Amino acid sequence: VGHRKVHARLGIYKALAVAGGWREMHPQLTLLNNQMCAEYILALKRCHTDHGFWGRMFGTCNEQKHLLDQCFRAQKKVKRAANLSKARADRERWVAACDQLGAKRPLE
């Protein structure tokens, strides 16, 4: 019964957004944070300005969006691999420092 009150009060669309029914479409389209995908970001922004609101609603920019999503996935793999290698290097450095000081190794 409680969820019906939320739907009645906020409207179905706002209730879905509040309840986490929708996800963000993509991360912020800033060129500084996404240098790998800069050309795809610019292509999507160009398409949005060329075709306007109704063009976006009818899917004229879907191809650019699909290519941008693929680029974001590839960028995420690269970042994940870099973070993993950095974490392993930090772990080795920590273990070496513990051995040098004669302290107990963490997580062993």
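Computed values, structure above
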| read-out | value |
| --- | --- |
| Search result, residues across region 51-74 that are within 15 Å of the chain's Cα centre (by Cα), open to solvent by 70 Å² or more (accessible area, probe 1.4 Å) and among the charged types (D, E, K, R) | Arg73 |
| Residue count for region 34-50, restricted to those that are without any contact (Cβ under 8 Å) to a residue 24 or more places away in the chain and open to solvent by less than 100 Å² (accessible area, probe 1.4 Å) | 5 |
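The values are calculated or read from the model by the stated rules, or taken from the named source; none is laboratory data. Bear in mind the structure is a predicted one, so any value in this text is a computation, not a measurement. Cβ atoms come from the backbone with ideal geometry, glycine included; neighbour counts cover every protein chain shown. Only protein heavy atoms, including side chains, enter the accessible area calculation; ligands, DNA and RNA are left aside. Shrake-Rupley method; radii C 1.70, N 1.55, O 1.52, S 1.80 Å.
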